[in-house]
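Peer 1: The structure is given below, and queries will be raised subsequently.
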Amino acid sequence: MKIKAYLALLLTALLMVACSHIDEDEQLIYVKPAPVERCVLIEDFTGQRCVNCPNAAEEIEKLIEQYGDAIIAVSIHSGPLGFHTNTRFLGLATDVGDEYYNHWNLEFQPVGLIDRGAPAEYTAWGTLIRQELQKTAPIDIDLMVNPSDDNQIDIYTEIQGVDGNTQGKLQLWIVEDDITAFQMMPDGTMNTNYLHQHVFRAAVNGEWGEDVEVKEGYSVSNNHLITLSDDWNAENLYVIAFVYNDSGVLQVTKTKLLNNDSAEE
């Protein structure tokens, strides 16, 4: 028994000595990041003078009810049926929204881009979204906001590489819910108390965002500061962050600007 015990002790010592000669890098095994479910961006090009646009807005709400937080919508008031503020009515169109509308060579409203695919009528959005949701995202995005007392917010984004090396552009937008303003309705009447949702307000980091590159297993972070407009209701504001390239939107996320615990939505 003593011989067996001695041999066991000797074998253990030899194994410990052998392991001590293995370089630290050779002891590490790379573990690929877990797949990330994709969220889908709907860019709804709409206008207050567009009689069919409320139908597209209803379709968005149905899709959100069906898929929850996986659907992130932005209503971009723009184009020939968009309306800018005048002395009588509040208009929701923006110069940036018009730039987007013209860039994509859009010819009618309502029309939408699903993850920056080809322009599509709202009746086709459900099918396109189902196709996008079957994919996994090559990146993940953490988004946090920190409001200050001087009407400014600090926006922090961290992008993690999940699958392969990703090159694209990071885009940050401000959107606002629950804006009461006029809207032409499908029956041809004007509703002066229409409640507009997901309204595009501003691009934080330029109209087309900024270059970003992230490798699988690594992350990159960015900080941006924006001053809120007096025309916006901070209680109803959201920040949207997405990364896109020539193949479309790779991932998108959204967080509320203000909430009770100042945590990410």
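The values are calculated or read from the model by the stated rules, or taken from the named source; none is laboratory data. Bear in mind that the values here come from a model prediction, so they are computed numbers and not experimental data. Positions of Cβ are generated from backbone atoms using ideal geometry, with glycine treated the same way; all protein chains shown enter the neighbour counts.
Peer 1: Give me the pairs: first residue in region 206-219 and touching a residue at least 60 places away in the same chain (Cβ under 8 Å), second residue of a type in the set (D, E, K, R), beta-carbon distance under 8 Å, and six or more apart or on different chains, which are they?
Peer 2: As it stands, the answer is GLU207/GLU99; GLU216/LYS32; GLU216/ASP163; GLY217/LYS32; SER219/GLU158, since those pairs meet every condition given.
Peer 1: Do you know which of the residues in region 174-190 that are exposed (fewer than 15 other Cβ atoms within 10 Å of the Cβ) and polar (S, T, N, Q) is farthest from the chain's Cα centre (by Cα)?
Peer 2: Taking the candidates together, the pick is THR189.
Peer 1: Would you check if there is a residue in region 154-168 being aliphatic (A, V, I, L, M) and within 22 Å of LYS32 (Cα to Cα)?
Peer 2: Yes, there is a match, as at least one residue in region 154-168 is aliphatic (A, V, I, L, M) and within 22 Å of LYS32 (Cα to Cα).
Peer 1: Just checking: which of the strands (runs of 3 or more DSSP E) contained wholly in region 152-220 hold 2 or more residues that are in contact with a Lys or Arg (Cβ under 8 Å, 6 or more places away or on another chain) and modelled with pLDDT of 95 or more?
Peer 2: Answer list for region 152-220: 166-176, 210-214.
Peer 1: If the requirement is being modelled with pLDDT of 95 or more, within 21 Å of TYR194 (Cβ to Cβ), part of a helix (DSSP H, G or I) and among the charged types (D, E, K, R), which of these qualifies: GLU99, GLU58, GLU43?
Peer 2: GLU58
Peer 1: Does ILE76 satisfy being closer than 20 Å to LEU195 by Cα and part of a helix (DSSP H, G or I)?
Peer 2: no
Peer 1: If you don't mind, there's one more thing I want to ask. Would you check which residues across region 70-100 are in contact with a strand residue (DSSP E or B) (Cβ under 8 Å, 6 or more places away or on another chain) and surrounded by fewer than 17 Cβ atoms within 10 Å (Cβ to Cβ) and list them?
Peer 2: ALA70, PHE89, LEU90, listed by residue number.
Peer 1: Next up: What do you reckon, is LEU237 touching a helix residue (DSSP H, G or I) at 6+ places or on another chain (Cβ under 8 Å) and not small (Gly, Ala, Ser)?
Peer 2: no
Peer 1: Residues GLU37, GLU59: which one is touching a residue at least 24 places away in the same chain (Cβ under 8 Å), buried (at least 18 other Cβ atoms within 10 Å of the Cβ) and of a type in the set (D, E, K, R)?
Peer 2: Residue meeting the stated conditions: GLU59.
Peer 1: Taking the options ILE179, ILE174, ILE114, ILE153, name whichever one is touching a His at 6+ places or on another chain (Cβ under 6 Å) and more than 25 Å from GLU216 (Cβ to Cβ).
Peer 2: Selected residue: ILE179, the only one of ILE179, ILE174, ILE114, ILE153 that is touching a His at 6+ places or on another chain (Cβ under 6 Å) and more than 25 Å from GLU216 (Cβ to Cβ).
Peer 1: Right, another one. Let me spell it out: the conditions are (1) out of contact with any Asp or Glu (no Cβ under 6 Å at 6 or more places or on another chain); (2) modelled with pLDDT of 95 or more; (3) not charged (D, E, K, R), and GLY248 meets all of them except one. Which number is the exception?
Peer 2: Failing condition for GLY248: (1).
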